[in-house]
Each structure stands twice: as structure tokens, then as C-alpha cells.
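All remarks here apply to the structure that follows.
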Amino acid sequence: MTARSLQEHLNSGDSMARLAAHAQRLLQFQRLLEAALPEALRPHARVANFRLGKLLIHAANGAVAAKVRQLGPSLASELS
């Protein structure tokens, strides 16, 4: 199997459709995350990815990460 270039993947209709659907899903999760987080944390936490049923959230610093972890159970129920 030969490696395909990024351009070849982008030109593939099926690949682009999957990528666009994934990006749309991440945007939906971002909106839900923003609605679920306290206002002070909203600018400091971003949805990074969703894979294998797990949502990856990037935090601006350790303090934000700790607070998001603390809110984990309530966020999980709101994002489900």
C-alpha cells in the first residue's frame, strides 16, 4: 500500500465528507461546552477532538484544566 499525499485525500470526495462531518460535530460540541462551562472558563477551554467516544478538551493552563476536570461529571451529563 502506498502512502497518499494530503492533497490526494482532500481531493477525495468521501474523505472530505467525513472530515467536514467531523468538523461539524466538533463545532457542535464546542457550542455545548461553552454553554455548560462557567462564564469565566469559556474563553480558556476548547474542544480539541472527539474520538472513540471520548471528548478531548484543551485548557489554556493548569488551573483551567483542574477546574474542567472538577466539572467533568456535570459536563459529561450535559454534553451527552
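Shown are SER80, SER15, whose ranking by accessible area with a 1.4 Å probe and every protein chain present, most to least, is SER80, SER15.
The amide H of ASN49, built 1.01 Å from its N in the peptide plane, has LEU56 as neighbours under 5 Å, considering only residues 5 or more places off or on other chains. When only alpha carbons of the chain are considered, Rg and Dmax amount to 15.8, 49 Å.
Only one residue of ILE57, PRO43, SER80 has its Cα farthest out toward the positive end of the dipole of region 19-80, where Lys and Arg carry +1 and Asp and Glu -1 on Cβ, and that residue is ILE57.
Computed over neighbours whose Cβ is under 13 Å from that of ALA76, the net charge equals +1, Lys and Arg +1, Asp and Glu -1. Listed values for region 54-65 are Karplus-derived 3J(HN,Hα) couplings in whole Hz (6.51 cos²θ - 1.76 cosθ + 1.60, θ = phi - 60°), namely 10, 9, 9, 10, 8, 10, 5, 7, x, 5, 5, 4, and x replaces Gly and Pro. Take the chain with all the other protein chains still there, run a 1.4 Å probe, and you get 75 Å² of accessible area per residue. Summing charges over all other residues whose Cβ lies under 14 Å from the Cβ of GLN24, with Lys and Arg as +1 and Asp and Glu as -1, gives +3.
The values are calculated or read from the model by the stated rules, or taken from the named source; none is laboratory data. Source: prediction; values computed, not measured. Cβ atoms come from the backbone with ideal geometry, glycine included; neighbour counts cover every protein chain shown. Surface accessibility is based on the protein's heavy atoms, side chains included, excluding ligands, DNA and RNA. Shrake-Rupley method; radii C 1.70, N 1.55, O 1.52, S 1.80 Å.
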